[in-house]
1. Condition first: in a strand (DSSP E or B) and either crowded, with 20+ Cβ neighbours inside 10 Å or among the hydroxyl-bearing types (Ser, Thr, Tyr) (or both). Can you find one or more residues in segment 283-295 that meet it?
2. Taking residue 157, is it at pLDDT 95 or above, among the charged types (D, E, K, R) and either open to solvent by 30 Å² or more (accessible area, probe 1.4 Å) or more than 20 Å from residue 301 (Cα to Cα) (or both)?
3. Could you tell me which of the residues 102, 144, 115 is closer than 21 Å to residue 32 by Cβ, free of Cβ contacts under 8 Å to residues at least 24 places away in the same chain and surrounded by fewer than 17 Cβ atoms within 10 Å (Cβ to Cβ)?
4. Name the single residue that is most open to solvent (accessible area, probe 1.4 Å) among those in segment 296-314 being among the hydroxyl-bearing types (Ser, Thr, Tyr) and in contact with an Asp or Glu (Cβ under 7 Å, 6 or more places away or on another chain).
5. Can you tell me how many residues within segment 261-281 are over 19 Å from residue 235 (Cα atoms) and either of a type in the set (Ser, Thr, Tyr) or open to solvent by 60 Å² or more (accessible area, probe 1.4 Å) (or both)?
6. Could you pull out the residue among 121, 51 that is open to solvent by less than 20 Å² (accessible area, probe 1.4 Å), closer than 19 Å to residue 307 by Cα and touching a Phe, Trp or Tyr at 6+ places or on another chain (Cβ under 7 Å)?
7. I want to confirm something. Restricting to segment 227-255 and keeping residues that are without any contact (Cβ under 8 Å) to a residue 24 or more places away in the chain and over 23 Å from residue 212 (Cα atoms), which single residue is nearest to the chain's Cα centre (by Cα)?
Amino acid sequence: MTIRSLCAAAVLALTLPLAACGSSDDAGSGTWSFTDDVGTEITRDEAPQRIVAHQDVAVALADMGLGDLVVGTFGAPDNPDPDLALEPRDLDVDSVEDVTGGGDYGDIDLEKLAGLEPDLIVTTTFGGGTLWYINDDVAAKLDGTYDIAQINLEGEDVNGVVGNSERLAAALGAEESDFTEGREALAAVGDRLESIAADAGDPRILVVAPGDDILYVANIPAYSDLAYLRDEVGLDLVTPDESDVDEGGYWHNVSWENADVYDADVAMWDSRGGEANLTLLGDQPVWGKVRAAQDEAYLPWRVESAPSALGYASTFEKFADDFEELS
């Protein structure tokens, strides 16, 4: 059995007791309760039947057999290059109402939201109780009107994120069998990636996001997907020294004049801005000194993944396809 198979088995063993601790559905009292990852206890007369969720979470819920509960989504605008965007497998996002507002980051169309009559809103958090893609002004307006559950991503590896999502899904009525396909797919793609990397000579990989004035180099432990690729699959991902990482813990901010400070055989680039990000990299002369740039050895880093085992597996499958083609 491979390392990834062992990890999948560990998640399988742990999820049921976690779900039991996190929620209760007392048929005698007719109540439903759930305590989310930040300690918010939600109690209702019955289990939620109408959910509005951040798009990534909505896709994850569908992955775990709960797509029929999703009546609305919200989140950032679509990637300008659809091939690089989140690809829902079991949820037709066009069939549910998009309540994303037209203002700044985190804006919600409150009128559309009210019209859906949701009994639960679900999003993710990167710690501190901050709701992902719900700004402070909107959060204040939602408070006391809607129940909001948060799935924690901060400080979690892939198995931790999957466990958090499955705990909520189980409380909402998902069965253990709804998790099996995703766990098996995640273990299988890990084996595939390990094999591709070995065949390619285990290349050194640098993960970056280009900005107008700065090259952002990813701090691998801060991202559940990258940590998984490094620690469990065994890919050689360049990790900045802790002393070089910014206050948020996510990046080493490097000026374009020093863009060759790290050398690597392959560059993974943040694809959230579409192919324009790759063009921006190619326009930087100092970056052109890096081996990956000279060889045009680029792989898109699809940062957006549905926080479910199947969601991560689907993202990693695309990465494996790209990696295999590059190799």
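1. No: zero hits.
2. no
3. Exactly one residue qualifies, and that residue is 144.
4. Looking at the filtered set, the residue picked out is 314.
5. Of all residues in segment 261-281, those over 19 Å from residue 235 (Cα atoms) come to 261, 271-281.
From what is left, the residues that are either of a type in the set (Ser, Thr, Tyr) or open to solvent by 60 Å² or more (accessible area, probe 1.4 Å) (or both) are 261, 271-272, 275-276, 279.
Total meeting the criteria: 6.
6. From the options 121, 51, the qualifying one is 121.
7. Within segment 227-255, the match that is nearest to the chain's Cα centre (by Cα) is 230.
Yes/no matrix, rows are residues, columns are (1) hydrophobic (A, V, I, L, M, F, W, C); (2) under 30 Å from residue 188 (Cβ atoms); (3) outside any strand (DSSP E or B); (4) touching a helix residue (DSSP H, G or I) at 6+ places or on another chain (Cβ under 9 Å):
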residue	(1), (2), (3), (4)
209	yes, yes, no, yes
216	no, no, no, no
228	no, yes, yes, yes
232	no, yes, yes, yes
243	no, no, yes, no
247	no, no, yes, no
253	no, no, no, yes
257	no, no, yes, no
262	no, no, yes, no
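The values are calculated or read from the model by the stated rules, or taken from the named source; none is laboratory data. Just so it is clear, the structure is predicted and the values come from calculations on it, not from any experiment. Quick reminder, even Gly has a Cβ in these numbers, built from the backbone with ideal geometry, and neighbours come from all protein chains shown. For the accessible areas, the whole protein counts, side chains as well, though only heavy atoms, and no ligand, DNA or RNA atoms are used. Shrake-Rupley method; radii C 1.70, N 1.55, O 1.52, S 1.80 Å.
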